[in-house]
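Just so it is clear, none of the values below were taken in a lab; they were calculated from the coordinates. Please read all numbers here as calculations on a predicted model, not as lab measurements. So basically every Cβ, Gly included, is an ideal-geometry build from the backbone, and we count neighbours across all protein chains shown.
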Amino acid sequence: MSSAKDSRRTQRMASLLRAELARLLLEEVSDPSLHEILITDVQITKDLKTARVFFSPQGEYSPKQVKETQKGFQRASSFFRRKIGDNLELRHVPALSFERDGHGQTVSRLLNLFEEVENCAHE
């Protein structure tokens, strides 16, 4: 029974981290290499000490731009941890590692389709 509780706890924490990181990217990050980025998933270890954050650029990104984005995340990692701790009132914030989501092109394609559908609905 404790594994189900642990699972819900890690899922809840992952969801909170994903939402807060997305908010921070939209509202507080000034690094241009981190603009137009989506947080697609967060996977957190059972002990809540480490979180893998998956991101996807919106639109087409060259491999060089992806590397710059990863460097931007590394530079901003301590900023993210501090803000997450303050905003979510966490005593312990997991270490964050950032990885490009391999499904990023699919996400981008889906976003474009949603945008097209929305534009058609308004016409």
- the chain - share of DSSP beta bridges that are antiparallel (%, nearest 5): 55
- May I ask you to derive the relative contact order of the stretch 2-122, considering only C-alpha pairs under 8 Å and at least 6 residues apart, and to give it as an integer percent? 25
- Message: For the stretch 2-122, compute the orientation-averaged projected area of the C-alpha convex hull (one quarter of its surface), in nm².
- Response: 8.9
- Item | Modelled FRET efficiency - R0 22 Å, Asp86 with Ala19, Cβ distances, 0.05 increments | 0.90
- Item | Using θ = phi - 60° and Karplus 6.51 cos²θ - 1.76 cosθ + 1.60, couplings along the stretch 46-51 (whole Hz; Gly, Pro as x) | 4, 7, 6, 9, 9, 10
- Nearest-ten-degree value, helix 63-87 long axis tilted from longest Cα axis of the chain: 40
- Message: Give me the one-decimal nm value for the distance between modelled label points at Ser78 and Lys49, 7 Å along each residue's Cα-to-Cβ direction.
- Response: 2.1
- How much mean residue ellipticity at 222 nm does the chain get from its helices, if each DSSP H run of length 4 or more adds -39500 (n - 2.57) and you divide by all residues, to the nearest 500 deg cm²/dmol? -20000 deg cm²/dmol
- Given charges at beta-carbon only (K, R positive; D, E negative), |dipole| of the stretch 54-97 in Debye: 200
- Task: Compute the length gained on full extension between Gln70 and Ser30: take 0.36 nm times their separation in residues and subtract their Cα-Cα distance, giving the result in nm to one decimal.
- Result: 12.9 nm
